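The values are calculated or read from the model by the stated rules, or taken from the named source; none is laboratory data. Remember, predicted model here, so these are calculated numbers, not experimental data. Using ideal geometry, Cβ is built from the backbone for each residue, glycine included, and neighbour counts are taken over all protein chains shown.
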């Protein structure tokens, strides 16, 4: 019997629109980042004619290593905090009755769908020197008069976790929902303690979801610039801030492209490694 | 048997952490105090000031138009993409899938830089049209993922059955496939609309003079302390809209699961 919509022509007809669009507006531009890094800057913030290594040489700027290191450090710590919160919460959520799950999911998705700038702004108000949290902590005597909650790495970290937490929470929850909780009972009957059950039974069970979530948080944090710009001080800048500064304030698109190119290549390598690992484990599971 | 209270406590704390800042924002939109450190009485004045802020409404209307145009294009492209990814499984779909998934995995900053490089290299002036193209690009992936999720539970035998009963390929697509997929497509469209209304980072890179969307307007309002309480009022209204959209999308999700 001939199946519906299975022909080669149909495949091309259905695939071409999105494939073409993404090739023109995603794949080609990503390649153009790498090309722009080898062009000279022109006075209007665009790209000059001919080729130049100036932007690539500028990557050796002595201020960059500390910036890269801070970006990586903040992103890794934010990812670990997100996982540490998402794993127990996902576990708890998946064991709740269906109806309760729906309500709680709404409470997770709603802040997630709220305008990103507004979420950062909410934190700025919360941590403001005249804001509610500062007042509360000062009245309790925890915070001294001249301590600022804003404009430090703690504030940047808190807001990074805040805006990215749902990226970890939702995949972990989705994986935990498919997890067979009888396995935990079996492990207990066999004498495993609570921590052992969590580490050796639950964690491998939701590992794929946790890994996907962690990767989303990590890549999201690595490319952040709004959060450090709004709640961080000058000592808390991340690489994204420098990219935006080069592209818009300094009007030097090639240098911005060179920095973006490094970030892009690093992230593509991480993503490729993860895809390979997943294919490998899928093949092993198939055997 | 005693179960650990730790996960339940942590979940409660996570929900508090996620929602408390927004609750403070809503409360402060009715607070006469400018920075909201203390409660200084109930007021509508921030909403009145918002009502008079023409530049906010202009930005809102531009965002609305862009989001509508984005949703139309991204829903068509994303649905077609999801269907071909679901139905075929060759080398072409391998490439196709990578192009769909990568925009979701890479930070928005890089997508913004990429599109800025494209428009600069081709000497295309940035404005509403470039913003629209950028929004469609990242929305395709989200729509495709939502529709693909629905397709996983979809019984393709229904199509073959319709075929055996004498329906032509277009009739199958129009009378069987589309109605069954509609809740998924609408959920994807709603997501695309929300994302387009909300996007700041990518829009910032590809916007030009005279194309200030609502998030861009909010960003410039955040720089002047005079308009900070007005942002609270605006945020509260946007939160209400988001809540309605989320509730609607939840309903759409419920309707497509068969009663068991």
Kindly list the number of the only condition in (1) within 11 Å of chain A (Cβ to nearest Cβ); (2) in contact with a helix residue (DSSP H, G or I) (Cβ under 9 Å, 6 or more places away or on another chain); (3) at pLDDT 90 or above that fails for residue B:147. (1)
For the condition surrounded by fewer than 19 Cβ atoms within 10 Å (Cβ to Cβ), within 7 Å of chain A (Cβ to nearest Cβ) and part of a helix (DSSP H, G or I), what is the one hit in B:77, B:110, B:72, B:92? B:92
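Is it fair to say residue A:117 is touching a residue at least 40 places away in the same chain (Cβ under 8 Å), within 11 Å of chain B (Cβ to nearest Cβ) and either at negative phi or in a helix (DSSP H, G or I) (or both)?
On the way: touching a residue at least 40 places away in the same chain (Cβ under 8 Å): yes; within 11 Å of chain B (Cβ to nearest Cβ): yes; either at negative phi or in a helix (DSSP H, G or I) (or both): yes.
Judged against the criteria, residue A:117 is a match.
Counting only residues that are in contact with a strand residue (DSSP E or B) (Cβ under 7 Å, 6 or more places away or on another chain) and in a loop (DSSP other than H, G, I, E, B), which one in the range A:27-84 is modelled with the highest pLDDT?
Taking the range A:27-84 and keeping what is in contact with a strand residue (DSSP E or B) (Cβ under 7 Å, 6 or more places away or on another chain), we get A:36, A:39, A:48.
Okay, now just the ones that are also in a loop (DSSP other than H, G, I, E, B), so A:39, A:48.
Details: A:39: 91, A:48: 83.
Filtering the range A:27-84 for residues that are in contact with a strand residue (DSSP E or B) (Cβ under 7 Å, 6 or more places away or on another chain) and in a loop (DSSP other than H, G, I, E, B), the one modelled with the highest pLDDT comes out as A:39.
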Suppose we filter the range B:213-244 for residues that are facing chain A (nearest Cβ under 7 Å) and in a helix (DSSP H, G or I); how many remain? 9
Which residues, counting only those in the range A:241-258, are in contact with a helix residue (DSSP H, G or I) (Cβ under 7 Å, 6 or more places away or on another chain) and more than 9 Å from chain B (Cβ to nearest Cβ)? A:241, A:242, A:246, A:252, A:254, A:255, A:258
Mind counting the residues in the range B:150-169 that are surrounded by 16 or more Cβ atoms within 10 Å (Cβ to Cβ) and facing another protein chain (nearest Cβ under 10 Å)? 4
Within the range A:227-243, which residues are surrounded by 23 or more Cβ atoms within 10 Å (Cβ to Cβ) and assigned to a helix (DSSP H, G or I)? A:227, A:228, A:231, A:239, A:240, A:243
Any residue at all in the range A:94-101 that is touching a helix residue (DSSP H, G or I) at 6+ places or on another chain (Cβ under 6 Å), within 7 Å of chain B (Cβ to nearest Cβ) and either modelled with pLDDT of 90 or more or not in a helix (DSSP H, G or I) (or both)? no
Where residues in the range B:9-51 are in contact (Cβ under 8 Å) with a residue 40 or more places away in the chain and assigned to a loop (DSSP other than H, G, I, E, B), which of them is nearest to the other protein chains (Cβ to nearest Cβ)? B:35
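On the basis of being within 10 Å of chain B (Cβ to nearest Cβ) and either in a helix (DSSP H, G or I) or free of Cβ contacts under 8 Å to residues at least 40 places away in the same chain (or both), does residue A:213 make the cut? Before you say what the answer is, go through the steps one by one.
Values: within 10 Å of chain B (Cβ to nearest Cβ): no; either in a helix (DSSP H, G or I) or free of Cβ contacts under 8 Å to residues at least 40 places away in the same chain (or both): yes.
Taking the combined requirement at face value, the residue does not satisfy it.
May I ask you to say which residue of A:192, A:155, A:186, A:175 is surrounded by 15 or more Cβ atoms within 10 Å (Cβ to Cβ), away from chain B (no Cβ under 11 Å) and either more than 24 Å from the chain's Cα centre (by Cα) or at pLDDT below 85 (or both)?
Details: A:155 fails: either more than 24 Å from the chain's Cα centre (by Cα) or at pLDDT below 85 (or both); A:186 fails: surrounded by 15 or more Cβ atoms within 10 Å (Cβ to Cβ); A:175 fails: either more than 24 Å from the chain's Cα centre (by Cα) or at pLDDT below 85 (or both).
Going through A:192, A:155, A:186, A:175 in turn, the sole match is A:192.
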